Amino acid sequence: MNLDDFNFYQKLLIDHSGLSLTQDKTYLLTTRLDPVARSMEFATLDEFTRNLRAKLDPRTISLVVQAMATKETSFFRDSLPFTHLKNNILPALVKKNAATKTIRIWSAACSTGQEPYSIAMVAREFLQAHPGWAVQITATDIADDALMQAQEGLYTHFDIQRGLTMKLILDHFTMENTKWRVQDGLRQMIRFAKFNLLKPMESMGRFDVIFCRNVLIYFDTPTKKLVLDRLAERLQPDGYLLLGACESSIGLNTKLRLCPDMSGVHMAAIPVAAVQKENAK
Ligand SMILES: C[S@@+](CC[C@H](N)C(=O)[O-])C[C@H]1O[C@@H](n2cnc3c(N)ncnc32)[C@H](O)[C@@H]1O
């Protein structure tokens, strides 16, 4: 791929997804976009690129973003965030949300669904111990193919053995031919939708907990800050934001503060009055 085409894709990806590509990743463009070009019946990637540069078709751009997004994930990835959710966050929310008995959680870059299903497994255990409560889980991603798999909830043996105990597998999955399907009860706890983290977030409403893990690492610094500030504004007062193990808001001067007693967990530093005013609308 020549430098001009690389620059074109670099700008396209930043503008439409925030994904920041350095020039040493040219090989990644070629290996991931070649199959897209062929699936659209272009003889070569060069021809596909010429066509896209001449006409910026939104559907094709979406396919390019989808192909370039890294979707690596697993059930209970890094385990600690889910331990915090179970042992610290949900118990704190029982006191805080006693009036509404409702907890809203957003998995904001959910990939193929392992993260929201892990949240749902923790939530289900919580609900068994707290009858009368509701846990609403929203799971979003920019990539249609990942979202489709998430919604379908069908996983290979390799997928489910990454992070799940035999008990969790038997409690929440049913064997279907050689694969494992998430049981309806668990799937119905989650609302899946397409959402680009670069877009304004007001339409999402407010959440008690947001998981936004292992996606900010692909963004440049100004985009990271923008997304973190917008996520902070989507949290209830003292709501919790959980980032990936190598992600942090430190040094970005965001509307977030680190949660002193839970490593890797952030809280919104937005004036409570501002949030209450919006909640009252
Ligand atoms: C590495 S996966 C992380 C999945 C999961 N959160 C985890 O930690 O295991 C990153 C996900 O971010 C999604 N993504 C990338 N850019 C995005 C954007 N601008 N808006 C929403 N999702 C995005 C990708 O499609 C991909 O599914």
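Before moving on, here are some points about what is shown:
- Listed pairs Lys71/Lys194; Lys96/Lys167; Lys194/Lys224; Lys25/Lys71; Lys86/Lys194; Lys86/Lys199 exceeding 24 Å between Cα atoms: Lys96/Lys167; Lys86/Lys194; Lys86/Lys199
- GNM flexibility winner over the chain from Leu243, Leu235, Leu93 (Cα, springs under 10 Å): Leu93
- The angle separating the long axis of helix 45-54 from the principal Cα axis of greatest extent in the chain is about 80 degrees.
- When the Cα positions of Gly153, Asn214, Val122 are compared along the charge dipole of segment 80-280, Val122 comes out farthest toward the positive end, with charges on each C-beta of Lys, Arg, Asp and Glu.
- Exposure proxy ranking, count of Cβ atoms within 10 Å, fewest first, for Lys101, Lys225, Lys55: Lys55, Lys101, Lys225
- Shape metrics for the chain, restricted to C-alpha atoms - Rg then Dmax, Å: 20.0, 61
- Sorted by Cβ neighbour density within 10 Å, fewest at the top, the residues His266, His84, His130: His130, His84, His266
- Approximate spin-label separation Glu41-Ala92, in nm, with each point projected 7 Å along Cα-to-Cβ: 5.6
- In degrees, nearest ten, helix 3-17 long axis to first principal axis of the chain (Cα): 20
- Highest-fluctuation residue, Ile103, Ile142, Ile250 considered, GNM on the chain with Cα pairs under 10 Å: Ile250
- Proximal aspartates and glutamates to Lys179, defined as alpha-carbon separation beneath 14 angstrom and excluding residues fewer than eight positions away on the same chain: Glu152, Asp159
- Residues Phe207, Phe6 arranged by fewest to most Cβ contacts within 10 Å: Phe6, Phe207
- Backbone HN-Hα couplings from phi across segment 214-224 [Karplus 6.51/-1.76/1.60, Hz, Gly and Pro as x]: 6, 10, 5, 4, 8, 9, 7, 4, x, 5, 4
- Of all DSSP beta bridges in the chain, antiparallel share, percent nearest 5: 40
- Helix axis angle, 114-129 relative to the chain longest principal axis, alpha carbon, degrees: 10
- Taking Cα centre as origin and charging only the Cβ of basic (Lys, Arg, +1) and acidic (Asp, Glu, -1) residues, the dipole magnitude of segment 3-68 rounds to 160 debye.
- Leading residue at positive end of dipole, the chain (Cβ point charges), from Cys110, Val135, Leu21: Val135
- GNM result for the chain, Cα springs below 10 Å: residue of Val94, Val215, Val65 fluctuating most strongly: Val94
- Kirkwood Rh, angstrom, segment 35-187 [1 / mean 1/r, Cα pairs]: 17.7
- When +1 charges are put on Lys and Arg Cβ atoms and -1 charges on Asp and Glu Cβ atoms, the dipole computed for segment 172-272 relative to its Cα centre reaches about 300 debye.
- Calculated log₁₀ intensity ratio I(q)/I(0) where the Debye formula runs over C-alpha points of segment 145-267, q = 0.10, 0.19, 0.20 Å⁻¹: -0.42, -1.10, -1.14
- Using θ = phi - 60° and Karplus 6.51 cos²θ - 1.76 cosθ + 1.60, couplings along segment 248-260 (whole Hz; Gly, Pro as x): 7, 9, 4, x, 9, 6, 9, 8, 10, 10, 6, 7, x
- The chain - charge dipole about Cα centre, Lys and Arg +1 at Cβ, Asp and Glu -1, debye rounded to 20: 880
Since every read-out is calculated from the coordinates, none of them should be taken as a lab result. Only a predicted model underlies this, so the values are computations on that prediction, with no experimental measurement involved. In this analysis, Cβ positions are derived from the backbone assuming ideal geometry, glycine residues included, and neighbour counts consider all displayed protein chains.
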